[in-house]
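Reading through the structure tokens given below for one structure.
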Amino acid sequence: MTRRRLWALVLGFLLLAGGATAYTVHAAAGRTDDTAVAAEAGFGLDGAPPGTLWFRDTATGRVARQDPAAPGGRLALGPRCDRFHAAGPTALCLQRRPGVPARTYVLVLDRQLRERQRISLPGIPSRARVSASGQVLAWTTFATGDSYNTSAFSTRTSILDLRTGYLIKSIEQIPLTLDGRRHHAPDVNYWGVSFAADDNRFYATVGTRGRTHLVEGDLRKWSARAVAENVECPSLSPDGTRLAYKKKVSTDTTAPWRLYVLDLATLRGHPLAETRSVDDQAAWTGPGTVSYAHDGAVWSVPADGTGTPRKVAAGASSPVVPR
């Protein structure tokens with residue numbers, strides 16, 4: 001009798017497990033993947049006048065461009081992305097995937113915003129950058145947590161060289177020189193890459209032991225050295241002489257940052273006219289203009305610290321003027 005009861009329990013468990021599995025598969029098959037939205041035919045980077053601002057449209061999640069002749073002053077016909085950047089012949093789209101644990105699709109796009117390559121990675125989309133030539137890409141995802149203003153986050157930053165197809169899944173192992181010495185620590189995190197015009201040097205933020213540093217990296221030599229402290233999410237100017245970045249100026253976790261521009265020759269920084277706390281990797285949308293996302297809109301401000309912030313696109317993020 002005991003043996004029959006045991007087999008009955010086992011059989012019941014297997015039936016329940018099989019039913020649960022079948023339900024899960026059916027439910028997954030029935031879900032609509034609302035992130036899988038491609039660009040409309042003919043909607044590409046080549047179809048816009050030089051200097052056109054591109055961005056992510058908040059209402060649809062799709063890549064959009066400013067167009068004064070269109071309803072609302074924009075056309076939102078691109079792929080659906082959570083982060084977007086473009087330069088040269090290449091665009092980069094980060095899509096957050098549904099489900100747990102969090103995952104991200106990295107989509108490499110051509111100038112027609114058609115998918116050329118897809119990479120699946122763990123984490124939540126955070127930062128995306130394409131080098132001026134369009135040949136080297138970088139992105140950052142949150143592995144845990146969801147904000148740079150807490151100590152409980154971990155990032156993963158990857159670099160993809162389209163010339164060779166070589167993918168560096170994480171740059172955490174790059175030899176780092178800090179305060180003149182080789183630095184080893186288990187808490188090293190990199191984020192916010194910005195490439196120089198030679199497609200070799202790059203700037204990024206490294207966080208370790210409660211401090212953040214601007215690092216200058218060299219891909220060919222596979223090395224990085226810290227050059228300044230308290231510099232986050234750097235963005236190199238088109239002429240390669242300045243960096244826009246966010247600087248921590250307050251211990252208030254709801255408003256810790258101020259946008260600055262750093263002169264690379266002197267390593268002196270000055271604040272921009274934007275006094276609100278901006279959590280974004282700013283973009284140079286002109287030789288003397290910095291744009292960024294804040295409070296659900298894209299804003300622009302002069303890079304020399306003068307002027308006042310100007311809203312250039314409501315309901316938008318990820319601004320870029322492709323070079």
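The values are calculated or read from the model by the stated rules, or taken from the named source; none is laboratory data. Nothing here was measured: the structure is a model prediction, and the numbers come from that model. Cβ placement follows ideal geometry from the backbone for every residue including glycine, while neighbour counts extend to all protein chains displayed. What goes into the accessible areas is simple: the full protein's heavy atoms, side chains included, and nothing from ligands, DNA or RNA. Shrake-Rupley method; radii C 1.70, N 1.55, O 1.52, S 1.80 Å.
Only a single criterion out of (1) part of a strand (DSSP E or B); (2) touching a residue at least 60 places away in the same chain (Cβ under 8 Å); (3) more than 28 Å from residue 89 (Cβ to Cβ) is not satisfied by residue 262, namely (2). Scanning segment 96-117 for residues that are under 15 Å from the mean Cα position of the chain (by Cα) and of a type in the set (S, T, N, Q) yields a single hit, 104. If the condition is being assigned to a strand (DSSP E or B) and polar (S, T, N, Q), then segment 269-302 contributes 285, 289, 291, 300. On the stretch given as segment 138-155, residues that are within 17 Å of residue 224 (Cα to Cα) and at pLDDT below 95 total 0.
Answer yes if at least one residue in segment 228-245 is within 29 Å of residue 88 (Cα to Cα) and either acidic (Asp, Glu) or at pLDDT below 95 (or both), and no otherwise.
From segment 228-245, those within 29 Å of residue 88 (Cα to Cα) are 231-245; that's our starting set.
Next cut, either acidic (Asp, Glu) or at pLDDT below 95 (or both) only: 232, 239.
Yes, some residue in segment 228-245 is within 29 Å of residue 88 (Cα to Cα) and either acidic (Asp, Glu) or at pLDDT below 95 (or both).
Specify which of the listed residues (118, 80) is at pLDDT 95 or above, open to solvent by 50 Å² or more (accessible area, probe 1.4 Å), closer than 19 Å to residue 165 by Cα and among the basic types (Lys, Arg). Can you show your working first?
Numbers: 80 fails: closer than 19 Å to residue 165 by Cα.
Only one candidate qualifies: 118.
Filtered by the rule that a residue be closer than 22 Å to residue 87 by Cβ and open to solvent by 10 Å² or more (accessible area, probe 1.4 Å), segment 201-236 gives 201, 203, 216, 218, 219, 220, 236. Pairing each residue of segment 57-68 that is open to solvent by 40 Å² or more (accessible area, probe 1.4 Å) with any residue that is among the hydrophobic types (A, V, I, L, M, F, W, C) and in a loop (DSSP other than H, G, I, E, B), provided the two are 6+ apart or on different chains, yields C-beta distances under 6 Å for 60/76; 66/53. Screening residue 111 against (1) open to solvent by 50 Å² or more (accessible area, probe 1.4 Å); (2) under 19 Å from residue 167 (Cα atoms) leaves a single unmet condition, (2). For beta carbons closer than 6 Å, sequence separation of 6+ or different chains, a first residue in segment 300-323 that is open to solvent by 60 Å² or more (accessible area, probe 1.4 Å) and a second that is of a type outside the set (Lys, Arg) and not in a strand (DSSP E or B), the qualifying pairs are 308/273; 323/132. Given 300, 317, 277, which one is under 25 Å from residue 57 (Cα atoms) and in contact with a Phe, Trp or Tyr (Cβ under 6 Å, 6 or more places away or on another chain)? Selected residue: 277, the only one of 300, 317, 277 that is under 25 Å from residue 57 (Cα atoms) and in contact with a Phe, Trp or Tyr (Cβ under 6 Å, 6 or more places away or on another chain). With respect to residue 143, determine if the residue is among the small types (Gly, Ala, Ser), under 19 Å from the mean Cα position of the chain (by Cα) and open to solvent by less than 10 Å² (accessible area, probe 1.4 Å). Criteria not met by residue 143.
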